[in-house]
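In what follows, a structure is listed as structure tokens, so that the remarks can point back to it.
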Amino acid sequence: PPPPTPVAVAPAPAAPQPVPPQISDAELLDMGHLIEFSGGSRTSLIEITDLYFTQTTEQLERLDTAFKEQDAAGIARIAHSSAGASGVCGILAMESLFRRVEKLGKENNVIDAALLLPDLRHTFERVKGLLLNSRQNLPLS
């Protein structure tokens, strides 16, 4: 008999991306904490936030790689580190999202953790915009 004809299987539709809840600027970050952490110095605040932007961008790229490699332990480790940095800087919304990713990574739940990446990226862009627009206008020395 002739070999069976291969059957084309349509790829499963992509899971719908969760819509990030609209959170207020005050829920995004604790500006008072960030100002206190910078010692009330505009120069320090700019240095701290620039470092946060650079490190978080790198960590999000590392998370992408860990997701592609299905590396749940790596996902948890990167998210843990990122949550800590976010918390120290008072970036509340990012800390919360990274903690959720960390928990899912520890549970070896790469799929659900990956669904939070769009929220992380969207929230990070909002935080960057808010900080870049406000840090020159804050009452700092």
Exercise for review: Report yes if R100 is among the charged types (D, E, K, R), closer than 19 Å to D30 by Cβ and out of contact with any Phe, Trp or Tyr (no Cβ under 7 Å at 6 or more places or on another chain), otherwise no.
Suggested key: yes
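Quick grid of which residues meet (1) modelled with pLDDT of 95 or more; (2) basic (K, R); (3) farther than 16 Å from T49 by Cα:
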| position | (1), (2), (3) |
| --- | --- |
| E61 | yes, no, yes |
| T65 | yes, no, yes |
| A76 | yes, no, yes |
| S86 | yes, no, no |
| R126 | no, yes, no |
| L130 | no, no, no |
Practice item. Kindly indicate whether N108 is outside any helix (DSSP H, G or I) and either surrounded by fewer than 19 Cβ atoms within 10 Å (Cβ to Cβ) or touching a Lys or Arg at 6+ places or on another chain (Cβ under 8 Å) (or both). Key: yes
Review point. Only one residue in E47, E95 is part of a helix (DSSP H, G or I) and out of contact with any Ser or Thr (no Cβ under 7 Å at 6 or more places or on another chain), so which one is that?
Key: E47
Practice item. Mind listing whichever residues of the range 128-141 are among the basic types (K, R) and not in a helix (DSSP H, G or I)? Key: R135
Review point. Taking the range 111-125 only, how many residues are open to solvent by 30 Å² or more (accessible area, probe 1.4 Å) and under 15 Å from F67 (Cβ atoms)?
Key: 6
Review point. Hey, any hits in the range 111-127 for a residue that's outside any loop (DSSP other than H, G, I, E, B), touching a Pro at 6+ places or on another chain (Cβ under 8 Å) and of a type in the set (D, E, K, R)?
Key: yes
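Matching residues to (1) more than 11 Å from the chain's Cα centre (by Cα); (2) closer than 18 Å to I23 by Cα; (3) of a type in the set (A, V, I, L, M):
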site	(1), (2), (3)
T54	yes, no, no
E61	no, no, no
I78	no, no, yes
S82	no, no, no
I91	no, yes, yes
R99	no, yes, no
D119	no, yes, no
L138	yes, no, yes
Point to revise | Subset of the range 20-34 (residues that are modelled with pLDDT of 90 or more and in contact with a helix residue (DSSP H, G or I) (Cβ under 7 Å, 6 or more places away or on another chain)) | key: L29, D30, L34
Check your understanding: In this structure, does Q55 turn out to be out of contact with any Phe, Trp or Tyr (no Cβ under 7 Å at 6 or more places or on another chain), outside any helix (DSSP H, G or I) and open to solvent by 30 Å² or more (accessible area, probe 1.4 Å)?
Key -> no
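The values are calculated or read from the model by the stated rules, or taken from the named source; none is laboratory data. Not measured: the values here are computed from a predicted model. Methodologically, a virtual Cβ is constructed for each residue, glycine included, from the backbone with ideal geometry; neighbour enumeration extends over all protein chains shown. For the accessible areas, the whole protein counts, side chains as well, though only heavy atoms, and no ligand, DNA or RNA atoms are used. Shrake-Rupley method; radii C 1.70, N 1.55, O 1.52, S 1.80 Å.
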